[in-house]
Amino acid sequence: MTALGKLLRTTAFKLTLVYLTVFALFAAFLLVYFAWNTRRLITEQITQTVDAEITGLAEQYRQGGIRRLVFIVDARSRRPGSSLYLVTAPAGQGLAGNVGSLHAGTLSTTGWVETAYRRLDDPDGSEHLALVRVFQLPAGFRLLVGRDLEERERLRDIILAAGRWSLAIVIVLGIAGGLFVTRRVLKRVDAMTETTRKIMEGDLTGRLPIAGTGDELDRLAGNLNDMLERIEALMHGLKEMSDNIAHDLKTPLTRLRNRCEEALRVAEDESQYRLALESTIEDSEALIATFNALLMIARAESGQARDGMADVDAGEIARGVGELYEPLADEKGIQLRVDAPAAVPVHGNRELISQALANLVDNAIKYGAPEKKDINGAEPEIVIKAIPDGERILLTVADAGRGIPETDRSRAVERFVRLEQSRSQPGSGLGLSLAAAVARLHGGELKLEDNQPGLRTVISLPRAGLPALAQ
């Protein structure tokens with residue numbers, strides 16, 4: 001397809017033609033209305049002038065008879081630029097005036113009529129158009145008074161000529177402007193098309209160009225760039241997760257296989273086989289839990305869980321999680337306290353929010369015991385809170401353990417990351433990743449803060465009734 005063909009087929013050019021057609025029709029309507037209104041005003045002016053003259057001449061006839069009327073009409077007919085006058089006898093002979101001839105039948109009826117005529121004082125003897133009024137006088141005499149319409153027709157021709165030129169100029173400028181605008185739009189669209197072609201070929205780093213004008217194409221490009229950044233982040237996360245799965249699950253699977261092979265090789269009785277099977281089942285359950293956590297993270301990051309969102313009480317979730325983990329905390333010698341005195345509504349998925357908070361509490365129980373026992377014998381404490389904070393709802397878990405160094409906090413929320421102090425405890429390194437993904441799904445964030453001593457983890461969510469901006 002040629003460049004001109006592409007221009008003519010674009011939506012921008014078609015819209016320009018539509019707008020140009022509408023504007024031209026509107027301009028033509030205004031022009032016709034102006035010409036018609038001008039014609040009407042001139043006609044009204046003529047009729048008023050003629051009516052006034054006929055009224056005056058009729059009064060002169062009543063006062064002085066036909067002789068006086070003929071004298072006055074003859075005097076007025078000799079003035080330059082005068083009106084049209086004609087006085088006829090009952091038999092139709094002309095008695096006075098400046099009208100040489102009329103169309104047949106013009107004088108047979110009274111009232112207003114447009115007619116062709118010839119003037120007596122016109123050396124060319126050409127026909128002209130006039131608007132005349134025929135008035136019946138007593139004794140059968142007739143009086144005709146009118147005005148030439150040449151001025152009205154000349155003004156109409158001037159308006160129509162100006163209108164034709166104006167429409168021609170509008171059409172030419174409109175088409176030229178449409179081609180200019182269309183070329184600019186097409187150039188930007190072609191640049192976007194080239195970028196999308198590179199992206200489809202696998203280059204996810206490509207971004208649509210933004211001209212900086214703030215128009216609809218810039219807004220579209222900005223939204224698409226945000227979408228591409230999100231897709232790139234998801235693809236990067238998918239690749240990273242695949243690499244992590246291949247790396248971090250290889251060891252437990254290898255250990256599970258070795259244990260089974262060892263049982264087959266050295267086990268001598270049923271009890272040894274049973275012990276090997278129990279160990280295998282325990283490792284399998286840990287692997288299943290890891291995969292479930294990965295699926296839950298993927299579900300949260302893909303946004304599929306938004307369908308199950310409703311208004312829930314974060315305080316009730318905090319109390320439920322505290323009640324669930326209280327026996328485990330007691331076994332560890334840790335006091336678990338929940339501070340959620342009032343209803344704190346959030347809009348979200350109850351299951352995912354509960355799981356995220358449970359992960360934080362589970363981490364606090366595992367790693368939240370202080371390095372040194374209190375000299376007064378007080379039990380270490382973990383505090384779960386659900387409190388309002390302006391337009392946000394904060395779900396916090398605070399412990400008095402060793403905490404996480406500030407330099408490691410950003411890395412701690414990545415998948416399969418286990419810091420040095422946590423390697424002695426069972427786990428997959430997905431707890432904080434899941435909590436962060438759930439927070440982003442609900443338009444919130446996960447923050448790791450210093451509790452002095454210990455760690456304070458905070459899930460910040462929008463209060464129910466406020467729009468959640470998914471990140």
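Run the paramagnetic zone check for residue 47: 7 angstrom along Cα to Cβ, then residues of segment 88-117 with backbone nitrogen under 14 Å.
111-114
Return a whole-number percent for the relative contact order of segment 100-158, with Cα pairs under 8 Å and 6 or more residues apart as the contact set. Walk me through the numbers on the way to the answer.
Numbers: 87 pairs, mean separation 15.9, N = 59.
In percent, rounded to a whole number, it is 27.
For residue 393, list long-range residues whose amide hydrogen, built 1.01 Å from N in the peptide plane, is under 5 Å from its own amide hydrogen.
Here the answer is 461, 463, since their amide H atoms fall under 5 Å of that of residue 393.
Quick query: amide H of residue 101 versus all other amide H atoms, modeled in the peptide plane; which residues come in under 5 Å with a sequence gap of 5 or more or a different chain?
Amide H to amide H, under 5 Å and 5 or more residues apart or across chains, residue 101 pairs with 118.
Tabulate in residue order the Karplus-calculated ³J(HN,Hα) for segment 145-162, using 6.51 cos²θ - 1.76 cosθ + 1.60 with θ = phi - 60°, rounded to whole Hz; enter x for Gly and Pro.
Values per residue, Gly and Pro as x: 10, x, 9, 5, 9, 4, 5, 5, 5, 5, 5, 5, 5, 5, 5, 5, 5, 4 Hz.
List every residue whose amide H lies under 5 Å from the amide H of residue 430, counting only residues 5 or more places away in sequence or on a different chain, with H placed 1.01 Å from N in the peptide plane.
Those lying under 5 Å, H to H, from residue 430 are 416.
At 0.36 nm per residue, and after removing the present C-alpha to C-alpha distance, how many nm does the segment from residue 179 to residue 108 gain when stretched out fully? Walk me through the intermediate numbers first.
On the way: separation 71, 0.36 × 71 = 25.56 nm, distance 6.21 nm.
This chain segment gains 19.4 nm when fully extended.
At 7 Å along the Cα-to-beta-carbon direction for both residue 66 and residue 257, put a label point, then send me their distance in nm to one decimal.
The two pseudo-label positions are separated by 13.7 nm.
Applying the Karplus parametrisation 6.51 cos²θ - 1.76 cosθ + 1.60 with θ = phi - 60° to the phi angles of segment 90-100, what ³J(HN,Hα) value in whole Hz is obtained for each residue in order, glycine and proline being reported as x?
x, 7, x, 6, x, 9, 6, x, 10, 9, x
For the pair residue 37 and residue 292, how long in nm is the line joining their label points, each one 7 Å along Cα→Cβ?
If labels sit at residue 37 and residue 292, their model points lie 8.1 nm apart.
I'd like the Karplus ³J(HN,Hα) series for segment 210-216: coefficients 6.51, -1.76, 1.60, θ = phi - 60°, whole numbers in Hz, and an x wherever there's a Gly or Pro.
Values, residue by residue: 10, 6, x, 7, x, 7, 5 Hz.
Which FRET efficiency value, to the nearest 0.05, is calculated for residue 24 and residue 194 with the Förster distance at 45 angstrom and r the Cβ-Cβ distance?
Here the calculated transfer efficiency is 0.80.
Each value in this text was obtained by applying a stated rule to the coordinates, not by laboratory testing. Fair warning: this is a prediction, and the values are worked out from it, not measured in the lab. So basically every Cβ, Gly included, is an ideal-geometry build from the backbone, and we count neighbours across all protein chains shown.
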